[in-house]
Amino acid sequence: MNKMVENQHTVKEPTKVVEELPSRIKTIKVDIRAWDSLKQLKKEYETFNDVIKELLNERTKSIGDDNVKAIKYERKTTFFNTEYKGPLFKRHSIGVEFEYNDVKNQKLDFSLNVKIKKVFYGKRIFNPSIFFGVDGTHKHYNKVFMNLYLKAVGLALDREFRIHSGMISDKDYGDIARWKKIYYDYNLSEESFKHDVEAPLRLSEEEKPTDEWHKKIIDSITVKSHIM
């Protein structure tokens, strides 16, 4: 009995060579300040492409015009102490608890939105409205409130970006030119300068308290204790 032997052939498909297309690259030009900011944002393991993508992602969270932000910040709380000279060389030691936005090293686009929460004076803790006679929206009516607020802004910048303002006297904190130089030298957010510094200082010059607010200020701890 004859056996028929069939030849079996394995047919191989031609190997497909998949070539990865090179990434398309565009060259952009930025000024030296923008370049410096990008370098500071870049972590050791990141590329500049990664940094720009992250910034673009933050930008997509913005809504409306440039002044309306949808970015939700976490808040940080911190404290500081300061002193003021009163009549007859009496010194007033004041402690402040305040909070501000956790800006996560975003030097180019942030707003601190500083809020003073508590005031420590003598052996008591005061609500700002009681201590100053005005609320946070009207802080520019009370010079002590404004000075403490601006000191809080300076401390927040120091904590977030290791920026030492060089401000020594209380008068320094009311000098808008000094503030502008700090924001320019360290390439900080224009939005923060306008919202956190410029607007409150401008209001302190342009807006005067109504009779109702004036009475509350007169009855406040700052006036009764002759602080500043």
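Values in this text are rule-based calculations from the coordinates and carry no lab data. None of these values were measured; they are calculated from a predicted model. Quick reminder, even Gly has a Cβ in these numbers, built from the backbone with ideal geometry, and neighbours come from all protein chains shown.
Quick notes on this one:
- Taking a ≥ b ≥ c as the square roots of the Cα gyration tensor eigenvalues, segment 159-205 comes out oblate, since a/c reaches at least 1.5 and a/b does not exceed b/c.
- Normalised by the number of residues in segment 124-225, the mean separation of alpha-carbon contacts (under 8 Å, six or more apart) gives a relative contact order of 40 percent.
- Using θ = phi - 60° and Karplus 6.51 cos²θ - 1.76 cosθ + 1.60, couplings along segment 158-173 (whole Hz; Gly, Pro as x): 5, 5, 7, 10, 6, 9, 9, 5, x, 7, 10, 7, 4, 5, 4, 5
- Legend: distances between Cα atoms for K123/K194; K115/K180; K39/K180; K90/K216; K29/K115; K39/K171; pairs beyond 32 Å are K123/K194; K29/K115; K39/K171.
- Exposure proxy order (Cβ contacts within 10 Å, fewest to most) of V119, V223: V223, V119
- Applying 0.36 nm per residue to the separation of D219 and S169 and subtracting their alpha-carbon distance, the gain on full extension is 15.3 nm.
- Inter-site label distance for A199 and L38 at 7 Å from Cα along Cβ, in nm: 3.1 nm
- Dipole magnitude (debye, nearest 20) for segment 75-224, charges at Cβ of Lys, Arg, Asp, Glu: 660 debye
- Segment 68-135, relative contact order in percent, only Cα pairs under 8 angstrom and at least six apart counted: 24 percent
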